[in-house]
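All remarks here apply to the structure that follows.
No value in this document is a laboratory result; all are computed from the given coordinates. Being a predicted model, the structure only gives us computed values, none of them experimental. Glycine also receives a Cβ, built like all others from the backbone with ideal geometry; neighbour counts cover every protein chain displayed.
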C-alpha cells in the first residue's frame, strides 16, 4: 500500500499548490514501517540500507540481498512519489508567462548532487505540467549524461510532454 500511495496523492493534490521561486520542492518520504497489533503495536521497520555494514562488521549475504532487493523494489515508487510531488503545482500558462516561477535556473538549482528516482519523477511532472520546456538542450544533455535510467526517462518523457502540440 505504501508504494501505491503516491498515485493517489498525485491525483488528489493535482494543481492545488504554486511553486515559490526561492524554495525547493518538498518530496515526502515513503515510510515502510508496519505495526503488529498482536504484539502491543510493535513497530517493524524495513531498512533499505540493511545490506550496508554496521559497526565495522560485514553484513551477511542474506541481509545484503534483502537490502538490495528492497532498493530495487522501491525505485519506481520513489519515481512516482516525485511525480506526485510535482503534479500538485499548477500548470504553466502560455498566455501569462510572468506567472511561471519555474525557470531554467530554478530547475538546475534543485538538481540533487546524486541522481535519484524521486527527482527524476519531479522532472517528469514538470514536463507534464508544461514547465520543463525552459530547459536548454545542454541542460537536457547534462541530465542524460548522468547515465541514470530513471532520470533519462523523466527528462525525455517530460520534455516530450512539455512540447506536445508545438511540432517542435
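Some points to look at:
- Counting neighbouring Cβ atoms within 10 Å and putting the fewest first, the residues 143, 109, 32 line up as 109, 32, 143.
- Taking the fewest neighbouring Cβ atoms within 10 Å as the starting point, the ordered list for 104, 39 is 39, 104.
- As a rough footprinting exposure proxy, the listed residues 141, 79 were ranked by other beta carbons within 10 Å of their own, and the order from fewest upward is 141, 79.
- Between the beta carbons of residue 32 and residue 11, assuming R0 = 30 Å, the FRET efficiency works out to 0.85 to the nearest 0.05.
- A straight chain from residue 139 to residue 105 at 0.36 nm per residue would run longer than the Cα-Cα distance by 11.2 nm.
- Rounded D (µm²/s) - segment 112-157, Kirkwood Rh over Cα pairs, Stokes-Einstein at 37 °C, 0.692 mPa s: 318
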